[in-house]
Amino acid sequence: MAGGSDAVENTLSCAKCGKPANLQCPKCVELKLPRESAAFCSQDCFKASWSSHKSVHLKAKLSSPTTETPGEQNSSMGNDGWLYCMRKGQTRTAKLPHFDWTGSLRPYPISKRRPVPAHIDQPDWAIDGIPKIEPNSDLQRVVEIKTPEQIEKIRETCRIGREVLDAAARVIRPGITTDEIDAVVHEATIAAGGYPSPLNYHFFPKSCCTSVNEVICHGIPDARKLEDGDIVNVDVTVYYKGVHGDLNETFFVGNVDEASQRLVQCTYECLEKAIAAVKPGVRFREIGEIINRHATMSGLSVVKSYCGHGIGELFHCAPNIPHYAIGVMKAGQTFTIEPMINSGIWRDRMWPDGWTAVTADGKRSAQFEHTLLVTDTGVEVLTARLPSSPDVFPWLQRS
């Protein structure tokens, strides 16, 4: 699961033209509407959008989402508890939120939160949605050298994560919903004795992220059925024996057009080339340079708002990779590399749910991720594909 942006204030795009924006519609601020759909780069763009934009205010007044305590839903709304997600998972509504969607994809209602058996070891956000140790840890500033005992736990957890992602890959086809994929991830994680790390992390309502087509990352599994020609990224993180293991892959759904195939393969290659450079003494920032070079040569762009991260006993910690980490790699460090590559411009926007990041131009995005261990001589890919992993990528298919 991707780490956050290093400059949230600079990631907003103008709702009219897509340029960087720092002006806010005052009425939207008053109504506490999502900042992403209320941002403009200039008064001219704001005035030009006013005739259509003002309808947002009316719909906001007519809509009255219900706020709930974490893990609860108002079952009197929607169909058997299926509701749209709002406010980063803290609110549900029965109506499709208003938004100037950048592409053809729309959110669908989500199901109730899936239960976790009491015997499963759970991270500190599992009950109330709030991480306590992670935000204030010294490991947000210092890159930890893991002990042999920690490394073995992370290795075991990453193996489980790989098997969980492979289970999800086997069910992907036209007609399946991303909620059904989430159910597979949830049950496979629980069956292995693990906890799905994203579940209730800062109130994220599901056990994995499913990012379809123009969704860059943090897509919420919902009732939408995958369609022939879609691409979907499934991002899995497992918490087991006190540590996390994180990985994701982008899959083809049925018959996918050539441009999307090239996008997904180039993203895979970006990750492989970055991994090949990992060894003691390499500067962290070189990872971003490698990814950017390969994507740019292919006519694609690299998302800047989200990045890889350190991992271990904390879900997200230093270093932040690849965008702005300082220092060099040392044996015993564990972190993720997760390039997000767009077929159009690199800028992103946020859906009203507060989680789903999409391309600003509505074009497709792909992502791949591995958790890595820096060794004395190079790198170990802790979430590497197994001999049993399904053959889903044409460029890797075994004879």
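None of the figures in this text is laboratory data; all of them are computed from the coordinates on show. Bear in mind that the values here come from a model prediction, so they are computed numbers and not experimental data. Don't worry about glycine lacking a Cβ; one is built from the backbone with ideal geometry, like all the others, and counts go over all protein chains shown.
Calculated mean residue ellipticity at 222 nm for the chain: -7500 deg cm²/dmol, from DSSP H runs with n ≥ 4 weighted as -39500 (n - 2.57), summed, divided by the residue count and rounded to 500.
Relative to the longest principal axis of the Cα atoms of the chain, helix 258-276 runs at roughly 40 degrees. Taking every Cα-Cα distance in segment 138-396 and sorting them into 5 Å bins starting at zero, the pair-distance distribution P(r) comes out as 1, 7, 14, 19, 21, 18, 13, 6, 2, 0 percent. A DSSP coil position with no more than 14 other Cβ atoms inside 10 Å describes the following chymotrypsin sites (Phe, Trp or Tyr not before Pro) in segment 277-338: Tyr324.
Counting other Cβ atoms within 10 Å as a rough exposure proxy, the listed residues Asp353, Asp361, Asp121 run Asp121, Asp361, Asp353 from fewest neighbours to most.
Listing Val278, Val164 from fewest to most neighbouring C-beta atoms within 10 Å gives Val278, Val164. Scoring 374-380, 250-256 by mean Cβ neighbours within 10 Å over their residues and listing the highest first yields 250-256, 374-380.
In what sequence do Ser365, Ser343, Ser137 fall when counting other Cβ within 10 Å, fewest first? The partial results should precede the final answer.
Numbers: Ser365 30, Ser343 20, Ser137 16.
Ranked by crowding around the Cβ, least crowded first: Ser137, Ser343, Ser365.
Among Thr383, Thr371, Thr102, the largest mean-square fluctuation in a Gaussian network model of the chain, built with springs joining Cα atoms closer than 10 Å, belongs to Thr102. Computed from Cα positions, the angle between helix 148-171 and the longest principal axis of the chain comes to roughly 50 degrees. Checking the cross-link pairs Lys47/Lys112; Lys146/Lys273; Lys95/Lys241; Lys47/Lys95; Lys241/Lys330 against a 30 Å limit on the alpha carbon distance flags Lys47/Lys112; Lys95/Lys241 as lying beyond it.
Helix 43-53 axis versus longest C-alpha principal axis of the chain: approximately 70°, rounded to the nearest ten.
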